[in-house]
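Have a look at the structure below, then the notes.
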Amino acid sequence: MKIIAAAQDSPNAGNIGPVQLDQNAAVVIRNAEELVARSGKATAAKDAVVQKEMQSELAKLLQVEAIDWKTQMVVAVRGEPGTKADRVHFNSLKIEGKVLTVAWKVKQRPPHAGAGTPIALILVERFDGEVKFSP
């Protein structure tokens with residue numbers, strides 16, 4: 001499985017674009033409702049207008065025209081707090097049977113960069129089976 005698009009950040013807050021993650025979280029987003037449920041507007045997850053707004057924001061962040069939820073999904077991970085220069089690196093995306101394993105790690109940088117927490121999103125081909133994360 002290949003990565004179609006990616007976005008990285010290392011803020012103090014737990015979000016990248018519209019996606020908010022708890023510390024050391026890893027999630028799969030397969031539709032617009034799940035996207036909104038992972039945002040600061042989670043209570044509006046079923047609102048079509050909010051869904052469209054969040055999809056547009058996510059597509060812009062990933063630098064793609066649009067996200068086709070029928071054929072694509074988003075994988076998001078947040079590592080341990082470190083520096084603003086730390087980055088999430090995806091080692092592999094392997095499908096074995098009905099399981100997709102996402103292997104990732106945080107590439108740490110020198111501590112003088114200031115406090116931050118690495119967060120990354122990747123847009124990949126849709127996989128409807130179980131997704132396991134291997135940090």
inquiry  = Against the conditions (1) among the β-branched types (Val, Ile, Thr); (2) modelled with pLDDT of 95 or more; (3) buried (at least 17 other Cβ atoms within 10 Å of the Cβ); (4) outside any helix (DSSP H, G or I), where does residue 77 fall short? Just the number, please.
reply    = (2)
Only listed residue being closer than 15 Å to residue 126 by Cβ, of a type in the set (A, V, I, L, M, F, W, C) and in contact with a Pro (Cβ under 7 Å, 6 or more places away or on another chain), chosen from 100, 35, 93 = 35
ask   = If you check residue 65 against the conditions, is it of a type in the set (Asp, Glu), surrounded by fewer than 14 Cβ atoms within 10 Å (Cβ to Cβ) and over 16 Å from the mean Cα position of the chain (by Cα)?
value = yes
key: strands (runs of 3 or more DSSP E) lying entirely in region 89-135 (those with 3 or more residues that are touching a helix residue (DSSP H, G or I) at 6+ places or on another chain (Cβ under 9 Å))   = 119-125
query = Hey, any hits in region 60-74 for a residue that's under 18 Å from residue 11 (Cα atoms) and at pLDDT 90 or above?
reply = yes
ask   = Given the conditions (1) free of Cβ contacts under 8 Å to residues at least 40 places away in the same chain; (2) hydrophobic (A, V, I, L, M, F, W, C); (3) in a helix (DSSP H, G or I), which single one is not true for residue 66?
value = (3)
message = Need the failing condition index for residue 85 against (1) among the small types (Gly, Ala, Ser); (2) part of a helix (DSSP H, G or I); (3) closer than 25 Å to residue 134 by Cβ, just the number.
response = (2)
query = Can you tell me which of 93, 121, 100 is closer than 17 Å to residue 27 by Cα and either over 15 Å from the mean Cα position of the chain (by Cα) or free of Cβ contacts under 8 Å to residues at least 12 places away in the same chain (or both)?
reply = 100
ask   = When you look at residue 46, is it touching a helix residue (DSSP H, G or I) at 6+ places or on another chain (Cβ under 9 Å), of a type outside the set (S, T, N, Q) and surrounded by fewer than 16 Cβ atoms within 10 Å (Cβ to Cβ), yes or no?
value = yes
remark   = Of (1) at pLDDT 95 or above; (2) in a loop (DSSP other than H, G, I, E, B); (3) of a type outside the set (Ser, Thr, Tyr), residue 49 fails just (2)
query = Given the structure, is residue 54 surrounded by 15 or more Cβ atoms within 10 Å (Cβ to Cβ), under 21 Å from residue 127 (Cα atoms) and touching a residue at least 24 places away in the same chain (Cβ under 8 Å)?
reply = no
ask   = Residues of region 1-44 being closer than 18 Å to residue 70 by Cα, in a loop (DSSP other than H, G, I, E, B) and of a type in the set (A, V, I, L, M), which ones?
value = 1
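The values are calculated or read from the model by the stated rules, or taken from the named source; none is laboratory data. Small disclaimer: the values here were computed from a predicted structure and weren't measured. Please note: Cβ atoms are built from the backbone with ideal geometry, for glycine as well, and neighbour counts cover all protein chains shown.
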